[in-house]
Amino acid sequence: MVIFYDSREKPRAIVRILAEFDRKRVKYFRMGMTFADYFNPLRPEVVIDRKQNLGEVASNVTVDRKRFVREIERCNASGCRMIVLVEHSNRIRRLEDVIGWKNPRLKGSPYAVSGERLYKIMKAMEGYYGIRWEFCNKQSTGRRIIELLGGDKNE
């Protein structure tokens, strides 16, 4: 299996991911991408956009919404389906779990989004843009990327 990853991914943030690729003997190459962060050239219809946590998602769907939507639209126009892989914790396993998320920014900003509101935005974007939200903890991100891009799940 071969995976391409976006050149804008911060090296320190993906050390574990690349180590898992090495462990599973997945070849990987760095390249500039106009949308998403990871893709398998043998399965180019699916791409993964990695988010470090729900705080980043909240920012992307509120403050940076126009930029994020443009990226999704570029993806859709290319005939791809985007999976947004959110590295958060074991407590967030599915989209509905976002409802119970306690945004730490709510204490300092009346404009911060609650877990319930974030869920509604994410659910609406899923329906409107056809993106899929997936969740994992940081220790399993590399494995989940391999699985989602069509790697052997039984290795």
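FYI, it's all coordinate maths here, none of it is from the lab. Values in this document were obtained by computation on a predicted structure and should not be read as measured data. Heads up, the Cβs are rebuilt from the backbone with ideal geometry, glycines too, and the neighbour counts pull from every protein chain shown.
Number of residues in the range 14-39 that are of a type in the set (Asp, Glu) and touching a residue at least 40 places away in the same chain (Cβ under 8 Å) equals 1.
Say whether the condition of being surrounded by 14 or more Cβ atoms within 10 Å (Cβ to Cβ), among the aliphatic types (A, V, I, L, M) and outside any loop (DSSP other than H, G, I, E, B) is met by at least one residue in the range 27-46. Yes; the residues of the range 27-46 include at least one that is surrounded by 14 or more Cβ atoms within 10 Å (Cβ to Cβ), among the aliphatic types (A, V, I, L, M) and outside any loop (DSSP other than H, G, I, E, B).
For ILE83, work out the one condition from (1) closer than 21 Å to LEU149 by Cα; (2) assigned to a loop (DSSP other than H, G, I, E, B); (3) in contact with a helix residue (DSSP H, G or I) (Cβ under 6 Å, 6 or more places away or on another chain) it doesn't fulfil. ILE83 satisfies all of (1) closer than 21 Å to LEU149 by Cα; (2) assigned to a loop (DSSP other than H, G, I, E, B); (3) in contact with a helix residue (DSSP H, G or I) (Cβ under 6 Å, 6 or more places away or on another chain) except (2). Return the pairs, sorted by first residue and then second, in which the second residue is of a type in the set (A, V, I, L, M, F, W, C) and assigned to a helix (DSSP H, G or I), the first residue lies in the range 40-68 and is farther than 17 Å from MET82 by Cβ and free of Cβ contacts under 8 Å to residues at least 24 places away in the same chain, the beta carbons are less than 8 Å apart, and the residues are 6+ apart or on different chains. Between residues of the range 40-68 that are farther than 17 Å from MET82 by Cβ and free of Cβ contacts under 8 Å to residues at least 24 places away in the same chain and residues that are of a type in the set (A, V, I, L, M, F, W, C) and assigned to a helix (DSSP H, G or I), there is no close pair. Each residue in the range 77-126 was checked for being more than 20 Å from ILE48 (Cβ to Cβ) and of a type in the set (Gly, Ala, Ser), and 7 pass.
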